[in-house]
Structure formats: structure tokens, C-alpha cells
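The values are calculated or read from the model by the stated rules, or taken from the named source; none is laboratory data. All values reported here derive from a predicted model rather than from experimental measurement. Don't worry about glycine lacking a Cβ; one is built from the backbone with ideal geometry, like all the others, and counts go over all protein chains shown.
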């Protein structure tokens, strides 16, 4: 089960967060800060999975952007690690440039990929289909 | 803001708008956004901005909380429907499901795959939040599974994974379908765009492997169906990419979860090698995790990777270290326990993470308790646990430790030695720097010194008192610790010197601001003055027998009758009061809102403890009130009684129970420092082979202390199976065993692991009984040992293999109906080997019974069971087939939800060689469930008098076994109907019959579930049944729009829901 997905910059500022388990709004900021601190403190040669509270974090860094996924203990960490990459590949396919100004689109993409903590779609064309349709509709 | 926001909002206007006219909504939402942006730019202060945003947020919240999804779903615009379904999948109120369900169901037939897919996902969401509401559309799930589009099929797997986790038995027939799908995926039959780095749909593969491992667990026949595809998966995944490793990991797990096949196990083991030896750290981690999983079944695998494991233990990455420790924890046995515990303690000393510390401290305590080679080591290790775990460790650890000390083992002499050692060790700790010890540890020390310091003959109580006084003066001591100190002093003040010291202390604290402390001080003062009273209340030598609690509260009878005659209202149990409350809804529930949940939670605490346990546990918990037990014997009784009273929910007296509950919550964190002390403990820890002379003595000590454990562990490597067994033996009083099963039910992930343990346990113990047990691995790799699981002896092979179809069939309610066929089959078997064929005792032969299924078997013992439905109970009949010499054996059957009574004279029984012995257990229902599971434990020695071995087994039976027809008249039915408060409603399918579908349907229910049809009036039918004799359930049926609307009512919570499930199944299958 996926508990949350975070996109943060190297300064530890949250750019996007999506929770699949109810976490009180007031506790999110602290949780995110802790999680990011935990990931940032790790060296390059250390493994990309960290124990965090009673669950685990899987993280992957792309230039200045770090994507952190909180997963329950039974999850296959490596498959989540690759899911992050798949997600980034989707973003790459859709946006040519800086993605952080298109948060709404990223949310739509994420909603296509993950629902209720489960991976529901990984086929890039299908993930992007609704978003492309929305864009077309808005243009037309 | 980007264009996309506006575009999106334009496209999905009605989503965020309450406005019923789509046209105006479109305008308003765009305009609203514009207004907001304009508003923000015009603001001057941050405060104003916050205010504006908050206002906006509130209005958006209001809109989102009542989305107009129904309308969107019916839109002709594909995207609107699509987005509405996405919303349904995410934030959807439970109570709106009935409204939206038909529309979503309709979307399952939509021509576009994306809509069908999202509809399936929406149903998944519905299933997650309200499984009952989508029960009737299980066949639609099947349709989705067979959808021509792979995306829709994938979506349906989420539902199936969930369903199979809950009840694998019901979906065994789908195994072949899942296997076929996986085969096609692995074989590259999906369109190219499903590939990820040229691996076909990896996440789908992982999902399928998870489903298969759930289906194949403990089921040879189902497992056989999947061997081929697993083999192919292992073969195909040779490409060197992370994602193939992710699949491999899942595959290895699956191979080791399902019924073992040596060839596959070998291949999987090789795969793990690739993981662990990889230079890539992420793969190494996953390899360790896989290894941790598989060593529970084959510890030899750990040996193969010994060097790597040792390397990982010193790895610079703490996460790798941690995972390695987890692995070591799984392979700990009596020989390596000292080394492994040492490594864990080393890790703890450096750990800064609270969660890790708590976890590892718990594990060390568990290992120490299980495998401790000697008293000294045990106490030293526990000292380290208490020092390092500090005040954040689970309260069960100190409680369990004290319980262990106080209850002792088989030998009084050993108990004395252990206690004596603890006392000496604590005295020296207190003489050191007690201010560095955590509060919890100090409390343990106080209790032990109070109870057992008399064992150390050369120790004057006044010396102990002096040390304890030092604790009182310490600034760091919490007032809770101080009360423990005072109580310990109270126990100790029986010598002249001690009394004067005690009185001084009592003087100081009798004016304390802390009420509890003042109370303790008063007790101390009074008891130290009156030595006669003291010796009566706290006899020297601590020989105080645990007080017996009169749980029937018979001593209150006089009081009650007096009160009743004075006009008091009669006592009503909790559930009755709740029912009344729910019935009289006009009353304000506010005042009860708080108290009711609390009462139930505290109930569960008392419920778990047997009355005998109360006295001990109360002595151990740190709560102040408990020590009044020691203070005066009269209060002790009353307190104990209060608790039992509390179980019935008498709220006025709830408080004490709650306090006890609170004590179990860890007190605020303290740093796990105390390095110095811990180190000093460590330096004292002797190396296991340091003193060969002592070795024998230690062995003896250990074997008596940890009964039977060490002798077993010295023979075999597979220790992981023993904990449960041992716990069963030693903790029988604490009912730990039943709580373990409880945990298993509660947490599916845990249960999978522990079920594997069970599997392993059976295999292990079978291997154990072999005279020469060179390696436990045999069980998995040797074809002969594989057959052991089915019965190694030929005589048994007849039993198990004679009719494999019959044997392997899962027991379900349908089988039950067919059970009438089984006697002839039995006859066949009997002709083959009459003396070893299980047959029912004569007194039960007249009743219907389920077929006899094998439970577990070892070389010479074979357990099988069936259940028999008598008029007023269900009897579980266990057959023990002994094909070798005479044996002694003992069976224990437990269940969370069922009351189990053994119908036999003595717990230990002698079973003669080559014979079948029969055990009967009468079962009654504690709380209704769809299926019940019984967990059993067989300990045996063959030949009689030899060391004991154990086997675990489990048995499942459906609720329907307990359902009996209830014959009532229509008038009686009417009055009962009104009196029952738990109900449920549902539409069921009618049996298709031209003339009288209602009669046909009710007859089917009558036949399959033995429900009594009271009367059929036109389109309505009245049906009644009861759970055994005394728990009625009524069903009202009405034919409506081609379906059968049923309404079930019962005074028993959950019974209607569970029964409904069976009705549904009975009507679905012809």
C-alpha cells in the first residue's frame, strides 16, 4: 500500500503532496519535513529505502527534485522505486520543460496512476489519455 | 496560474459547483477564479490574504463535500464521466453508494475501456468502504476479470486481491484464470505500450504473483496449477533491470509461500543469491528482505550466504544493518542466541531512531525469553533491554518479565536461583549509579527487591531499604517510581532496623502533594508499626497465594436482593442497555457518547485476562491503586471484583479498570542512554563456552527453565517454529496463544507470515521425529520428505491418497450438504485398512457430518477431523491415527470466536500403536462470523515417555454448521420481530422458476441452510432459524421487482450480516 507521494525540492520545500491515508492537515507539514529530512540525510551510496516511523520511504532524486513515496511494510520497495521512475517518464513525455508550474496536470497524472494507495495504471499512453483529452477540449 | 487550471475548470464545471444549471456553472467557476486572483493581487497585508484564502477554502470545501457526481456520471461527455468516476474512486460518502451504484454498474458495459476501467475501480472503492453493499455484484467482478481490455482486467485484480486476502477458499476456482493471465503477460501477449523498459506490464505481474501466493498457500492442488508459470517467470526475468528484480522478488516470495516444489525452491534460492551478492545496494536490501522471508522455511539458505550476511552486519548503511538483524532474528536458536542478541544490543546502543529501538528491544526480549541459555545471561540481557529500551519500550516487556519471575517454571529451585540472581544483579546496579537508569527499569528493580530480596540471606533488609531511600531522594525519579519504591519498602520493613528507617521515610512522604504517594506512605507507616498486621498481609517469604476472584460475584447476592426489595431497578447487561438506548433514539445520546466507547474498550482489556491472571497482573502493573492490594487484604478482594464487575459495563465503577489500562501506555520518551551501565552489564556477560565445567549445569538449567526447548533446538536448525509452541506451553495462563491467533486475524500481512510459520512448523516437527535429523532442509529438497506431509507410511498413504479428490476438497457449506455421500466412501476405505480408518463414534453416527479432512500428519501420527451437527451443538471430532508404537499425546484446541469444550476425561491420553483414537470437542459460538477457525496444538511423544514433539493444525467451519431451524408460529414470529434490534437488509436473487419462485427460493434456503419457513403469505415469506438453541434470527422476505428483498433481524450483533452472506451464496450456486 502506498501511503503518500511527495515531491520536494532540495531545500525540503514540498511542491506536491498526495495522501492515500487520512493524515490530519495539521500533522502533514511536520510529517513531510521529517520524511524529507530523513531522505536528504542519506548518502548517494546508501540504499533508496528508509525505515520511517512504522513504515518505509522509497525515494528517488532527479536533479533538484526529490520524489518520496511512503509505503507500508509489506510493499515491494523496488517496484515502487521503479514506479517513481515511470511517473517521471510520464511527466517527461507530457511536459517538455519545467513541470513545477503545472501542478494541476501532475495531480491528474498521479490520480490516473495511483488510487486508494494502489497502482492502477502504468501504461504511459493510457495515463496521459484523459489529460490530453482535457487539453484538446479546452483548446477546441 | 496556468491555462490548464482554467481549462480544467471549464471542462469540469459541475464538479466544483453546486449550481444545477451547467451553463451558469461554467461561467461562475471561471469568473470565481478570476475574482479570487484579482482579490489576492489587490490585498495589502498577509493577514487579509489569509482571511480571503480561508474564506475561499471554506466555500470550496462546502462544494466538494456534496459533489454533483450523479449528474456528471450521466453526462454524455466522456471526460466528464471519466472525471466523475475518478472523484467517486477517491472521496465518496458511504451513504451515497446506493444512489450511485446502479449508474456505476451500468458503466461497466460502456464501450470505452477507460470508463469500464474506472467503473471497476469505483466498485473497488465501494468494496473497501462498504463491502456489504456490493456483495450482490460479485459476478460483475468476474466479467471485468474476463474483459477483453487488459486495463479493465488489471483494475479488477485489485478487488480480487482484497477478496482473496479475506477468503482465499472462495476463489480457488479462479486460480487457472490468474495463471493463464500471468502466462500471457509473461509471454509478451500484451500490446507494446504496456511494457516498461521492455518488461511486459511488470506491476501487473507483481499483482498476479501476490494473488497466486495467497491462493497457493497451504494448498498443494492449487499450487500445482501454478508451478509451470512460476518457473517461466523465474526464467524470463533474466534481464538486468531493477524492475525484473522487483518481479523476481515477488516470484521468490510466492515460490516460498505456496506448497513447496523442490525444483522451484532451488531456482528461487539461486535468484536470491543474485540479489544478495549484487553490488547495487537496493538489490542487496531486497535480497536480505527476501532471505528474511525464506529462512523461516529453510534456514540453511542463510548458511549459504553467511559471509554476505556478516558483511552486511557491519555495513555503513544503517538500513542494511537493520534488515540483517531482522534476518538474524528469524534464524535465532539456542546456540546462536548469545551472539545474535549481542549484535542486536550493539545496534541498539548506536540507534537514534525511536521506532527501531522499540522494535529491536522487543525482539531481544522475545529471544531472551525464548532461548536464554542460563539465568545469568537472561537477567543480564534483560538488564540491557531495560536500560536501552528506556521508558519507551512496550509495557509488555517489563510486565512479562515480572510475570515470568513471579510465576516461575517447573522447578522451585530454579525459580529461586533466577530470582536470587536478579536480586544480586539489581543490588549491584543500585550501588552504582541508579540515576542513569530509566524509570521503568527502576520500577522493575523495586518490585523484584520488594518481593525477593529475602532470598539473599546475607542481605539485611535495612541495606536494601537504604538503597531504595536513595532512589526516593533522586531528583530524576518520577512520582510513579517513588510509589513503587514505597511499596517495595512496605514489603521489606519486617526487621527492627528496617522499621525505623521506613518510618522516617513514611513521615517525609505522608505530607506529599501527590495523593498516591501519600497513600503509599500511610500504608508504609501503618504496616511498619503493626508487625502482626504486616505479617498477615504481607507474609515474610512472599508466600502469598494469589487471591481467587469470585467472578460470579455470589457474595453480592444478599446486597442485590436487598436493593431489589427496596425498589431498585434490576441490573441489565451492557448490550441490553445499548439496545434500549438505540431504540429510544428520541433521548439525547450526548451524555453517553463519551462513556459508552470507553466502557467497551475497558471491557476488552478485562475480557482478555482470566480471573486468575488478575491478581498477578495487578501486582505487576505500575499503577498506584494496585498496590492497595498489598496494603490490605480486604481491598484486594474488592478491587479484583471491581474489574470483573467492570466487564459487565457497570460504568460507575469503571474507573479502576481504566487506570490499569492507562498504565500500559508508555510514559513520555526518555533517551535510551545509560551507556555506561549497559556496558558494564555487557562486560559481565560470560561467553557461552567460557567455563566448560559449568556448561553441563547450564544446560541442565536451561532445559528445566525453558522446558524441552533446548533439547529440540540442539537437534534442528529451524527454530522459528518453536516460539508459538513454547508460548503455548508456558503462557497458557496468560492466554497468549489465543491473543496470537487474534492478531493473525486482525492483520492479514501478519497472518500470511504466521501461516507460513505454521506450515514450517509442521514440516519441522515431522523432520524432528526422524531419528537422524541431519538437516531440516531435507523437508524441502528431498522428495521423500515432501511426501512426509502427506503421510510417509504406506498405511497412511491409503488414507490420504486413496481418494485425493475427496481429501483435498475444501470444506464449505455446499460440501456439507453432500456429506451424506461420505459414509459409503468410508466403507471403501474401511475395507482397505479397517483398523486405521477413522469412523465416527456411535453416539454421533446418526447426525449429519462434514467429510473427514486431514489436518496434519507426521511420520506416525495422522490427524484428521470433521464436524458433526447435533441438535444442540456442533461437535468437532478429531481422529488421531497412530501407525507406530504406543504414544502419549495431548491436544489443545482454541478459537477466538468459539467456545471449545473438550468431551474427555484427561488432557493426556495414551494412544496405542496402530489404532485410531477419537477426541470430541463441543463447540458453541461466542460471536458470529461467516467462517470460524479453530487452531489446535498437538504435543506427543512416541514411544510414550520420549521427548515431546508438537504439531499445529487449523480447522475451518462455516457459520451454517451452527444454524438450526427455529419452529415458531406466525404470532410468535411477530412479537419476536419487534424485540430484536440488530438488522440488515439486502436484495437477493430469486431462483428462476415459472410458477412459484418465492416458494422455490425459500425451499432452497431451507434445504441448504436448514432455515425454517414459518409461513408464506402472497409475495411475502417468513423464515426463522437460530444459532444453535438459543440465539434466534428472523428473516422477512418479499418478492420485489424480480428480486428477493430480505430483512434479517436478531438480538445477536453480526448474526444477520453473517447469515445473509450464506443465504447469498446458497442462492447463487445452484
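Quick notes on this one:
- Residue in the range B:453-462 that is touching a residue at least 40 places away in the same chain (Cβ under 8 Å) and under 19 Å from residue B:491 (Cβ atoms) present: yes
- Where residue A:86 falls short, out of the listed (1) more than 11 Å from the chain's Cα centre (by Cα); (2) within 7 Å of chain B (Cβ to nearest Cβ); (3) in contact (Cβ under 8 Å) with a residue 24 or more places away in the chain: (1)
- Of residues in the range B:494-518 being within 45 Å of the chain's Cα centre (by Cα) and assigned to a loop (DSSP other than H, G, I, E, B), the one surrounded by the fewest Cβ atoms within 10 Å (Cβ to Cβ): B:513
- Helices (runs of 4 or more DSSP H) wholly inside the range B:1-109 that include at least 3 residues being modelled with pLDDT of 80 or more and surrounded by fewer than 15 Cβ atoms within 10 Å (Cβ to Cβ): B:46-65, B:97-107
- For the range B:1026-1062, a residue qualifies if it is over 28 Å from the mean Cα position of the chain (by Cα), surrounded by fewer than 20 Cβ atoms within 10 Å (Cβ to Cβ) and either part of a loop (DSSP other than H, G, I, E, B) or in contact (Cβ under 8 Å) with a residue 24 or more places away in the chain (or both), and the qualifying residues are B:1029, B:1030, B:1036, B:1039, B:1040, B:1041, B:1042, B:1043, B:1045, B:1047.
- Condition met for residue B:263 (modelled with pLDDT of 90 or more, in a helix (DSSP H, G or I) and within 11 Å of chain A (Cβ to nearest Cβ)): no
- Unique match (being over 30 Å from residue B:81 (Cβ atoms) and touching a residue at least 12 places away in the same chain (Cβ under 8 Å)) among A:47, A:39: A:39
- Per-region count, the range B:164-195, residues in contact with a helix residue (DSSP H, G or I) (Cβ under 7 Å, 6 or more places away or on another chain) and within 18 Å of residue B:117 (Cβ to Cβ): 5
- Count - residues of the range B:266-296 that are outside any helix (DSSP H, G or I), closer than 13 Å to residue B:324 by Cβ and within 13 Å of chain A (Cβ to nearest Cβ): 0
- Of all residues in the range B:198-232, those being in a helix (DSSP H, G or I) and within 14 Å of chain A (Cβ to nearest Cβ) number 12.
- Going through (1) closer than 24 Å to residue A:1 by Cβ; (2) within 12 Å of another protein chain (Cβ to nearest Cβ); (3) surrounded by 18 or more Cβ atoms within 10 Å (Cβ to Cβ); (4) at pLDDT below 90 one by one, residue B:152 falls short only on (4).
- The range A:31-65: number of residues that are part of a strand (DSSP E or B), surrounded by fewer than 21 Cβ atoms within 10 Å (Cβ to Cβ) and under 15 Å from the mean Cα position of the chain (by Cα): 5
- Among the strands (runs of 3 or more DSSP E) confined to the range B:917-995, the ones with at least 1 residues that are under 30 Å from residue B:891 (Cβ atoms) and in contact with a strand residue (DSSP E or B) (Cβ under 8 Å, 6 or more places away or on another chain) are located at B:931-941, B:949-958, B:963-965.
- Residue match in the range A:114-130 (condition: more than 9 Å from every other protein chain (Cβ to nearest Cβ) and surrounded by 22 or more Cβ atoms within 10 Å (Cβ to Cβ)): yes
- Hey, residue A:80 more than 7 Å from every other protein chain (Cβ to nearest Cβ), buried (at least 23 other Cβ atoms within 10 Å of the Cβ), under 11 Å from the mean Cα position of the chain (by Cα) and not in a strand (DSSP E or B) or not: yes
- When the residues of the range A:66-77 are filtered to those that are at the interface with chain B (Cβ under 9 Å from one of its Cβ atoms), part of a loop (DSSP other than H, G, I, E, B) and in contact (Cβ under 8 Å) with a residue 24 or more places away in the chain, the one that is nearest to residue B:203 (Cα to Cα) is A:74.
- Of all the residues in the range B:188-207, those that are over 21 Å from residue B:142 (Cβ atoms) and free of Cβ contacts under 8 Å to residues at least 40 places away in the same chain number 6.
- Options B:873, B:857, B:850; residue that is under 20 Å from residue B:937 (Cα atoms) and under 28 Å from the mean Cα position of the chain (by Cα): B:857
- Positions within the range B:1005-1055 being out of contact with any strand residue (DSSP E or B) (no Cβ under 6 Å at 6 or more places or on another chain) and more than 18 Å from residue B:968 (Cβ to Cβ), in sequence order: B:1007, B:1008, B:1018, B:1039, B:1040, B:1041, B:1042, B:1054
- Long-range neighbours under 8 Å by Cβ, at least six apart or interchain, first residue at positive phi within the range B:908-928, second surrounded by 20 or more Cβ atoms within 10 Å (Cβ to Cβ) and not in a strand (DSSP E or B): B:914/B:836; B:914/B:883
- Any chance residue A:105 is modelled with pLDDT under 90 and surrounded by 22 or more Cβ atoms within 10 Å (Cβ to Cβ): yes
- Selection from the range B:116-131 of residues that are crowded, with 20+ Cβ neighbours inside 10 Å and more than 10 Å from chain A (Cβ to nearest Cβ): B:116, B:119, B:123, B:126, B:127
- Within the range A:14-30, the set of residues being surrounded by 15 or more Cβ atoms within 10 Å (Cβ to Cβ) and in contact (Cβ under 8 Å) with a residue 24 or more places away in the chain comprises A:15, A:16, A:18, A:20.
- Here residue B:386 clears all of (1) in contact with a helix residue (DSSP H, G or I) (Cβ under 7 Å, 6 or more places away or on another chain); (2) modelled with pLDDT under 85 except the condition numbered (2).
- Selection of first residues in the range B:995-1012 that are at positive phi and of second residues that are in a helix (DSSP H, G or I), restricted to Cβ pairs under 9 Å at least 6 apart or on distinct chains, gives the following pairs, ordered by first then second residue: B:1010/B:960.
- Selection count where residues are assigned to a helix (DSSP H, G or I) and within 14 Å of chain A (Cβ to nearest Cβ), scope the range B:312-345: 10
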